Structures are given as C-alpha cells and as structure tokens.
Amino acid sequence: MAAVYRQFKREHAPDTVPGFCAVATLDKTRRWNGGRLSGCPGGTTQTMGCYAARNFLARHRLSRFNPCHMKKQKAYAAAGVDIDLGNKVKATLPQLLASTHRREVLGKVGGFGGLFALDVKKYREPILVSSVDGVGTKLKIAFQQGKHDTIGADLVNHCVNDIAVLGAEPLFFLDYLGTGKLEPHVFTDIIKGFARACAENNCALIGGETAQMPGFYQPGEYDVSGTIVGVVEKSRMLNGQKTVKRGDVVIGIESSGLHTNGYSLGRKIFFEQLKLKPSSRVPGLKDTIGQELLKEHISYGPLVQKLLKKFNLVGKPDQVRAFAHITGGGFVDNIPRVLPRSLDVVIKKGSWDMLPIFQIIEQKSGVPDDELYQVFNMGIGMVSIVAADKADAVLKFIKAQQHKAWIIGEVVKGKGEARVI
C-alpha cells in the first residue's frame, strides 16, 4: 500500500504545499486522478469514498435480533465479538447521522463505501485536502469520568482545523472506533459527538469502521481516529511559505484548554505530581480538573472561512497570509510549518490572557517554559499571520465572531523558526 500511495502522491499531488494535511487535484475532465485502489472503479466521475477498508456501517450484514430465538450464545460472541449486538447498535445510525447530511452525499447508510458527488461546477481547479488524526490520551480522562459524548467532537474539530489552515472547507468525515467490548451507550455517545461536530462544521459523516477486538484493549477502554476530506480552490489555497513577509503581525486566537495535545504530560502533572483526582477542585478553576481537561477542542474552521472571504479578495494580495493550528509541538514546531526559510516568528509571553489551567501548569509543574511552549498550546489554539496594516481590522473582526484574540508576535528576519521570548 505504501508503494501505491507514493506513486499516487508523485503523479497527482500538486507542488509541495506546507501545512497540516495532504492535498490532491481533480483534473479538468472532473474525473478522479488516481486510477484504481482495491476494487474501486478507476476514473469514477464525481464520486468519492470508495475504499479498500470496509465501512463500519456495513461491516456485517444487518440481521434480525431476537434473544428469545437464541438457545445458546454464539461461538463468536463467546470469544468476545458479538455481531448481533453490533448490528443492533448500528441500526440506530441513520437517525444519528441525519443531521450531517449534505446534498452531495449519495446512497444510504450500509454500503461498502461512502459516496460523495463533488459539485465541480463551483470550482475552476478544485484541490482536495485531507487529514487524519486521533484524540490521544485525552481518552484516559473520558474513561475515568465515564463521559464519552465530547471525544467525537474533539476529533472532528481537530481535523477541521488542520485543513482550514490551507483555506479548505470540510466535505466529509470518516471515523474509526476500536474497542475490546462494544458498549452500546458508549458507542452511541461517541457517534453523537461525531455527528454534532460534523453538523456544526457542515461536514457529512459518511462512514467509518467499528472493530471489536477482545483482549486488545483494557476493559472499558477504546481508541478513535478520524479522516477528513475538504476542498479549496487552487488559486485561493494558503501558502505561507510564499506569502508571509517580514513585519507581518501574529494574532493568537484563544483555545478552550489543552484541546487534544499534551495529555500524557498533563495527566502526570495533575494526577501524579500534584496528587489530584478528576473530581478535585483547584482555586482559579471554575470546574473540576476532570471537567477542565475534557473541554472540547474548538473548531476554527467557520472563522477561517469568514476571515478569508473578508480579507483575501480575488485579484488582490492576501491580507491574511497564513494560519497555524497549535497542536502537538506547540508554537515551536507548528508555526515554522507555514514560514519561509528566511523568516522567524517571535511570540511574546504575557501578550495574551493565559487560561487558568495553563497558569497552574506553569506555576506548579516545574517544567521549563521552553518545553511547555513546545508541548501545550498555552491558551492559543490557532494563530493567524496577517499584513501589519490590516492587523487591527482582523483582530476586531475575530472578536466580533465571539473569539478572544490578541496580537502576540511578529515576523522577523531569521531561518524559519518560532521563538517564544
């Protein structure tokens, strides 16, 4: 599969674009570049979503479920995989996914692949933008508290942000859920989180995979991952390596907390070092530690689209030069992904109102600041690099969209790095 991907990337990806996700083009005949992958018809016009992996909505054919007719437990169920229970749970999916429907979605729930008919008439040169991610050890907090309805939204919003930095709007999302034992209420809560966030981001949830793997996970635990595909007009795609200029201003947009990164260190600080419990209350925090750590990852996708529509006008130089999603790697590793090699970004500590949870981490953890700003977002979930003469207008616009934001740095001569001083 790696060889197939490398060939596909070489032949059909546009010139290297710095960012947080992968891109691919559609040719002028509006047919998929890329031939055939494991049973998908090559060159299928205007359809998306035919994958080698089977769709979780149809991993097993739906069957009638009547315990009264089951004289004894089936062998597979006795081994830990209950197909009948899985089918019963999945039968509720059409209702759960209804809120995420877009007119471009073809077919019904239950196919081997999700289908999406891209409206190519809306674009001159549509570029597909994709990203895949997980939630990491934030899941441990969900397990501890028995709260599973936010994890799906965390994942969707993270993926939306990753493609938003290239200017892409989301089209559809697919998820993966792996668990040792399928718990119906947990499954439903996770899917509700996916569906809610997809609906909020105008993103169709067209399928995924659910795997029951007894003995593979600790009891009560699971893992999730998700893949998103979006689209952007090639001429409107953001490329900070070409547009960011010396003297540009860096605007930081507030996060809700840790989002989906740094939880291994965060859990160690709060639960091992400080001896706290998820139910513990700490001065300065409105909620318990567990509630603070489960706050949802903010989606900046709608805000990004509004900013681009307002400030990056067709035929004129981009005033919003670039975005960087502050995830794992913090400021230090994420901002350089959108910088020219000859320029640095200098971030000034104290230029924004740091969230209380990060103040506690900074004051109590004993971790040097250099590492904190490379692990956590420190209260800034997204940065935008903008033309200096438009910085005040952009900042005002962001605040008008109900996001807190500050001017936190500038672009200076350098070698493609981000420094926090």
Which one of these does Thr210 not meet: (1) touching a strand residue (DSSP E or B) at 6+ places or on another chain (Cβ under 8 Å); (2) modelled with pLDDT of 95 or more?
(2)
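Matching residues to (1) under 19 Å from the mean Cα position of the chain (by Cα); (2) modelled with pLDDT under 95; (3) assigned to a strand (DSSP E or B); (4) over 16 Å from Gly226 (Cα atoms):
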{"residue": "Leu118", "(1), (2), (3), (4)": "no, no, no, yes"}
{"residue": "His158", "(1), (2), (3), (4)": "yes, no, no, no"}
{"residue": "Gly167", "(1), (2), (3), (4)": "yes, no, no, yes"}
{"residue": "Phe194", "(1), (2), (3), (4)": "yes, no, no, no"}
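Which one is nearest to the chain's Cα centre (by Cα) among residues in the stretch 386-421 that are over 14 Å from Val345 (Cα atoms) and not in a helix (DSSP H, G or I)?
His403
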Mind checking which residues of the stretch 283-304 are more than 20 Å from Lys140 (Cα to Cα) and surrounded by fewer than 17 Cβ atoms within 10 Å (Cβ to Cβ)?
Pro283, Gly284, Leu285, Lys286, Pro302
Mind checking which residues of the stretch 264-322 are under 24 Å from Leu155 (Cβ atoms), free of Cβ contacts under 8 Å to residues at least 40 places away in the same chain and hydroxyl-bearing (Ser, Thr, Tyr)?
Thr288
All positions within the stretch 162-184 that are more than 22 Å from Phe112 (Cα to Cα), surrounded by fewer than 24 Cβ atoms within 10 Å (Cβ to Cβ) and small (Gly, Ala, Ser):
Gly180
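I'd like the full set of residues that are in contact (Cβ under 8 Å) with a residue 12 or more places away in the chain, of a type outside the set (A, V, I, L, M, F, W, C) and out of contact with any Pro (no Cβ under 7 Å at 6 or more places or on another chain), limited to the stretch 72-102.
Asp82, Asp84, Gly86, Asn87, Lys88, Lys90, Thr92, Pro94, Ser99, Thr100, His101, Arg102
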Take the residues in the stretch 95-134 that are touching a helix residue (DSSP H, G or I) at 6+ places or on another chain (Cβ under 7 Å) and among the hydroxyl-bearing types (Ser, Thr, Tyr), then tell me which one is nearest to His158 (Cα to Cα).
Ser131
Going by the structure shown, is Phe173 of a type in the set (A, V, I, L, M, F, W, C), closer than 28 Å to Leu258 by Cβ, part of a strand (DSSP E or B) and touching a residue at least 24 places away in the same chain (Cβ under 8 Å)?
yes
Scanning the stretch 234-258 residue by residue, the ones that are outside any strand (DSSP E or B), closer than 25 Å to Gly350 by Cα and of a type outside the set (Lys, Arg) total 7
Cβ-Cβ under 7 Å pairs, at least 6 apart or on other chains, the stretch 351-376 side under 14 Å from Val420 (Cβ atoms), far side among the acidic types (Asp, Glu) and in a helix (DSSP H, G or I):
Leu372/Glu362; Gln374/Asp333
Cβ pairs under 6 Å, 6+ apart or interchain, first in the stretch 133-154 and within 17 Å of Leu265 (Cβ to Cβ), second of a type in the set (Asp, Glu) and outside any loop (DSSP other than H, G, I, E, B), ordered by first then second residue, are Val135/Asp154
Checking Asn261 against (1) buried (at least 17 other Cβ atoms within 10 Å of the Cβ); (2) assigned to a loop (DSSP other than H, G, I, E, B); (3) of a type outside the set (D, E, K, R); (4) without any contact (Cβ under 8 Å) to a residue 60 or more places away in the chain, only one condition comes out false. Which one?
(4)
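Residue-wise test of (1) under 21 Å from Met382 (Cβ atoms); (2) touching a helix residue (DSSP H, G or I) at 6+ places or on another chain (Cβ under 9 Å); (3) modelled with pLDDT under 95.
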{"site": "Ser225", "(1), (2), (3)": "no, yes, no"}
{"site": "Asn239", "(1), (2), (3)": "yes, yes, no"}
{"site": "Arg246", "(1), (2), (3)": "no, no, no"}
{"site": "Thr260", "(1), (2), (3)": "yes, yes, no"}
Just the residues that are crowded, with 18+ Cβ neighbours inside 10 Å, in a helix (DSSP H, G or I) and of a type in the set (D, E, K, R), please, taken from the stretch 120-139.
Lys138
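The values are calculated or read from the model by the stated rules, or taken from the named source; none is laboratory data. In this text the structure is predicted, and so the values were computed from the model without any measurement. Neighbour counts are summed over all protein chains in view; Cβ atoms, including those assigned to glycine, are modelled from backbone coordinates with ideal geometry.
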